[in-house]
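Let me begin by presenting the structure, written as structure tokens, before commenting on it.
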Amino acid sequence: MAEQKIPVVQEPDPGHAEPMIVAIPYPGQGHINPMMRLCMRLASKGALIRIVVTEEWLSFMTSAQEPPPNVRLLSIPNVIPSELSRAADWVGFVQAVNSTMEEPVDRLIDSIEPMVSVIVADVYMPWVADMAKRRGIPVTWLFPMAATVFSVFYHCEVLLSKGHFPANSSANKEEYVDYIPGVSPTRILELPNLFKGGESREIAESLKFFHQIQNAKSILFNSFYELEPSAIDALSSLVPRPIFPVGPLIPFPAPKDHELKTNARPELDCSSWLDSQPHGSTLYVSLGSVMLVPAKQMEELAHGLIESVTRFIWVAREPSINLRDMCTDRGLVVPWCSQSKVLRHPSVGGFLTHCGWNSTVEGVLTGVPMLTFPIYFDQQTNSKLIVDDWKVGLRVRSGPMDEMEVVDRREIANVVRRLMEGEESKEMRRRIEELREAGEKALEKGGSSDANMNDFLKSLRS
């Protein structure tokens, strides 16, 4: 597979009508990475880019070379908890982002020249809207999740009217919701678990969130048309602002020239171990970096992998049990690794994932079928896309972690064998290869995502 290289772009003359874009990513790795990828692609097309991050995140940024001359990294003080500890108090981290970042970002924007054309912000930073409005600067939101999930959120008033929002108002979690445009019938259990709360504050915040969306200049999606055509078509006709699916916003194929990378945690090179495994024999296991899996479930998962007699490499940041002592010579447990490198390794034939959107798309674009193990928020909806809509994986569990019984080791061993050895996985591998090729073509010149990126820039230049 040929590597795509992002060309060096000389900074345009200030007299030219090149837009000045200020990018404000949400300060978490799963959000910063797609925003960085978006910025590099915009820069390759001539836009001036200023990326605002905390001092800690600035220290995490690494690059083989300096960024292109039309890209600059700007920092604000560390007014939020560290990326390395946010999992310990997720609620506190979210509150800090919403209450302490606006003032230093607002001051920083005063220093940016030439005049800012647009702010591109992660949609989970709603304070950006008021800040930009005071300055008369338009806002484009980057929605970092699936377009399908956006459609569910967008129709929360309809869900509310039918008694499906919050979801715990419905007695039957197996009931299907079949009235959301562009979204195939979905069990309540597999709706984003933002809808699992009962407080009026949650309802009010959700409605405020999408009323705000409708005041945006436009909306960018970290998806591509061929992956979610029904949801994207429906949103194109319903949302009163232009939408641009410009994904996949992951390094695919992995570029080297002028690619900003984040290195919040040291990576372990697993290549030598993977090189010693047979082709397609290894299951890659990663359950994300934010939410922790209970010790009992981790233990059952470990025993299930061992009983499946499948080779595996497991990324476990801070395991609640001693996984390394449990694993045999068929398994390798590491605290961190390059997911993209591991998934592209020829010995890897399956991916047990928490179904975060970045991981989901990365699984698709490396052609690796998946076992789904959703934990919270949008992950159960992504699991449903993987298994039911795209048919490129199997479920280990369905609903969010707080509502499901522990999946026992026998079930886990069985589903692992089905994915890695069973006949049904052959068809999954064929389908995921088709999606992989579609994602690659979407990024090529004239592809759907490339065309959408050009249209977005054209909207800024007009």
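No lab work stands behind these numbers, since they all come straight from the coordinates. In this text, all values refer to a predicted model and were calculated from it rather than measured experimentally. Ideal geometry is used to build each Cβ from the backbone, glycine not excepted, and the neighbour counts take in all protein chains shown.
For the stretch 85-98, putting each phi into the Karplus relation 6.51 cos²θ - 1.76 cosθ + 1.60 with θ = phi - 60° gives couplings of 10, 5, 5, 6, 8, 4, 4, x, 5, 4, 4, 5, 4, 7 Hz, in residue order, rounded to whole numbers and with x for Gly and Pro. In this label model, S338 and L84 are separated by 2.2 nm, measuring between points 7 Å along each Cα→Cβ vector. One quarter of the convex hull surface built on the alpha carbon atoms of the stretch 277-438 amounts to 8.3 nm², the projected area averaged over directions.
For V118, nonlocal amide neighbours, meaning residues 5 or more places apart or on other chains whose placed amide H falls under 5 Å from its own, are M20, V22. Normalising by the residue count of the stretch 277-438, find the relative contact order in percent from Cα pairs under 8 Å and 6+ residues apart. It comes to 26 percent, rounded to a whole number. When the distances between all Cα atoms of the stretch 308-366 are binned every 5 Å from zero, what whole-number percent does each bin get? Each 5 Å bin holds this share of Cα pairs: 4, 16, 26, 27, 18, 8, 1. The distance from the alpha carbon centre of the stretch 89-133 to that of the stretch 381-457 is 33 Å, rounded to a whole number.
Take 441-452, 112-123 and order them by the average number of nearby Cβ atoms within 10 Å per residue, most first; the result is 112-123, 441-452.
Counting only Cβ charges, +1 for Lys and Arg and -1 for Asp and Glu, the dipole size of the stretch 21-127 around its Cα centre is about 460 debye. In order along the stretch 136-151, phi translates into HN-Hα couplings of x, 9, x, 10, 10, 9, 9, 8, x, 10, 5, 4, 4, 5, 4, 5 Hz, rounded to whole numbers, per the Karplus curve 6.51 cos²θ - 1.76 cosθ + 1.60 with θ = phi - 60° and x for Gly and Pro. Of R461, R431, R37, the sequence from fewest to most neighbouring Cβ atoms within 10 angstrom is R461, R431, R37.
Between S237 and E113, 0.36 nm times their residue separation minus their Cα-Cα distance comes to what?
Fully extending the segment from S237 to E113 adds 41.0 nm.
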